[in-house]
1. Applying the selection to region A:7-63, what residues are within 14 Å of chain B (Cβ to nearest Cβ) and open to solvent by 70 Å² or more (accessible area, probe 1.4 Å)?
2. Could you tell me which residue of region B:135-149 is modelled with the lowest pLDDT, considering only residues that are out of contact with any His (no Cβ under 7 Å at 6 or more places or on another chain) and crowded, with 17+ Cβ neighbours inside 10 Å?
3. Is there a residue being open to solvent by less than 10 Å² (accessible area, probe 1.4 Å), within 29 Å of A:Pro47 (Cβ to Cβ) and touching a residue at least 12 places away in the same chain (Cβ under 8 Å) anywhere in region A:288-296?
4. Taking the stated definitions as given, is A:Cys323 of a type in the set (A, V, I, L, M, F, W, C) and in contact with a Phe, Trp or Tyr (Cβ under 6 Å, 6 or more places away or on another chain)?
5. So which residues in region B:44-87 are under 13 Å from B:Gly248 (Cβ atoms) and aromatic (Phe, Trp, Tyr), if there are any at all?
6. Pick out, from region A:184-280, the helices (runs of 4 or more DSSP H) lying fully within it that include 2 or more residues that are at pLDDT below 90 and hydrophobic (A, V, I, L, M, F, W, C).
7. So, of the residues in region A:140-195 that are touching a Lys or Arg at 6+ places or on another chain (Cβ under 9 Å) and polar (S, T, N, Q), which turns out to be nearest to A:Ala209 (Cα to Cα)?
8. Which ones in region B:154-181 are touching a helix residue (DSSP H, G or I) at 6+ places or on another chain (Cβ under 6 Å) and free of Cβ contacts under 8 Å to residues at least 12 places away in the same chain?
Amino acid sequence: MTVSHPSSASTNHLSVEAVSKHYPGQIALETVSLHVERGNYVVLLGPSGSGKTTLLSLIGGFTLPSSGVIRIGGQDVTDLPPAKRPTTTVFQDYALFPHMSVAANIEFGLKLRGLKADARKVRVSEMLELVGLGQHGERSIQALSGGQRQRVALARALAVEPEILLLDEPLGALDLALRRQMQDELHRIQRQMNRTFVHVTHDQEEAMALADLIVVMSHGRIEDMGPPRRVYMRPATRFAATFMGESTQIEGRIHAQDGQVITLETQQGFLRGMAAPAEGAMTDTDTQSRTWCIGDKAVAIIRPENIKTTPDYGQAIGQALVCETVFQGNYVRVFARSETGQTFVLHSPARQVPASGDTITPHALVDDITIVPAQEG
Amino acid sequence: MSAVQTRYAGGWKQLICKGLTATYIAACFCFIFAPVAVLVLFSFQDGRLPVPPFHGPTLHWYGQALANDRLLSAMGHSFVVGAGSAFLSVVLGFLAAYGLARYRFRGQALVRGILVLPMAVSYLIVGMGLLVMASWLNIAPSLWLVCISHIVINMPLAFAICSAQFNPAQVRMEMAAADLGASLPRVLLQITVPMMAPALIAAFILCFTLSWDEFLTAFLLSRFDITLPVAIWGLLRGGLNPQTNAIGSMVFFGAAALALGAEYLMFRKKSS
């Protein structure tokens, strides 16, 4: 019989344990913990100043933490310089070596690892093929477009076979069409190489398209983390709900709790919804670590696609006057406001759009409503 | 018809303006280069004095100058002192600029100030100071001392040129190289120096030219082995002689070739 090892750290590829980073008069990160399995695509998502780039820089070794421990593959790397860590970084401005050809850029790290010239050549052409730049090896960096530079930076960082690839807003400098294309490329490359990627962005669409695990950050803390679907549909906090996309947010007080179903007393009447999961929950139903008290302030979060105006669809949420409709192609965004000042945003099929000034009765299923604690401050 | 006339008048005005500008530029160049032209012209003088009227041309004085061992060895000394002091000035200036650009520390502004301060100190003071110190330490005047004085004079210049060329994009390139496993010396030699090559070459050439030209400290700090300006000064004490014109012309054309070569090198690098 084998005895399973008690330490859970050994199963995690990347462990960030209670890491803080303080600058004089400023807290960049406050007791952040993060555990990532091998081969996962992790996206650190947050507004500027949320600490996501600081966290990436700490994992890469460019910044040292004020406290806490970082482990990669079980090994404590907290005090190791970037060169000694099994990580490489793709920088926001790519940081390619302008005096070297494309191939020489990719070869740089391989030379330092003492690979023979033949092996290097093979590896460089493999990497060029991987990023779709097969014929561009001898080109100079200056002759490349933004998207091509991005690919070279990726190839250079992946050539040395890092355990973890760190990407600092890698698509930020590209235009929208190219960004979506590179997203797909990144996803393909990550699957193909089967490596752990940690990617920083402020674009929630990019995060949802790429991530196995989204980490939503704000003010140096992790607000929520989990699979994209869970974080979007069942956010753990109001901030995560707001940052992940549009929603109708109805404030109220907790009236009753029955298992995971919470009844909220609002100005729109009683509203039943699902309790928010714990931060870091992998599934919708993991709510164990939360404590709810009757009378506490809370907020009901409803995504626009989950509000219908048809009767007999879950519970009715008062009545509201349509103030504005915005045509979006395959749907119409409808903004409405109730007499009590509650605003609603919902997506309506293009065929049956209510006109401005119409009165609608928004409906939503209990399962589509998430109750999150009202944030302090 | 009147419109045509105005345009015509405007054309004249423009022409006059252009003419004046051209004349002004020509006058400026004339002012700068006339002495050099005169120097070069009278190096071909067929006579004992490099003064008008011009007779010749002859290459006699060039032959004389190249046969003059004293002048040739002085030229050799100048070359060694120039190359050596320029190289060390650029190395020291580059490292100082690198340190100040890449690290934050207390008293940074003070260090920067002290580094460029020698630029404001007159050559005479630098030369005398070194002379006093050398005699205090019982070191005889020599080309080594001249070399040191030229480093003192030129290092701040090399530092300023390098400082102006550092930017944040390079920091990330260095970070990328370190991230891929390069040690600091390797990052400096394989990433920073090649990226800075145009600035470093320009700084080297400037330092070399200034050292090649420098008379005052070279005069104060040398004894038996002398540099070219000191040798020319020695010749001039014996009166005007087309031989000095010949050596001066050679120095001028050498320096001009060097400058053009450097410009060509840098231009070719940029356009590729």
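The values are calculated or read from the model by the stated rules, or taken from the named source; none is laboratory data. Just so it is clear, the model here is predicted, and its values are computed rather than measured. Cβ: placed from backbone, ideal geometry, glycine included. Neighbour counts: every protein chain shown. To get the accessible areas, we keep the full protein, side chains included, count just its heavy atoms, and leave off ligands, DNA and RNA. Shrake-Rupley method; radii C 1.70, N 1.55, O 1.52, S 1.80 Å.
1. Scanning region A:7-63 gives A:Tyr23, A:Pro24.
2. Among them, the one singled out is B:Pro141.
3. No.
4. So A:Cys323 passes the test.
5. Result: B:Phe44, B:Trp61, B:Tyr62.
6. none
7. Filtering region A:140-195 for residues that are touching a Lys or Arg at 6+ places or on another chain (Cβ under 9 Å) and polar (S, T, N, Q), the one nearest to A:Ala209 (Cα to Cα) comes out as A:Asn194.
8. B:Ala178, B:Asp179, B:Leu180, B:Gly181 - these are the residues of region B:154-181 that are touching a helix residue (DSSP H, G or I) at 6+ places or on another chain (Cβ under 6 Å) and free of Cβ contacts under 8 Å to residues at least 12 places away in the same chain.
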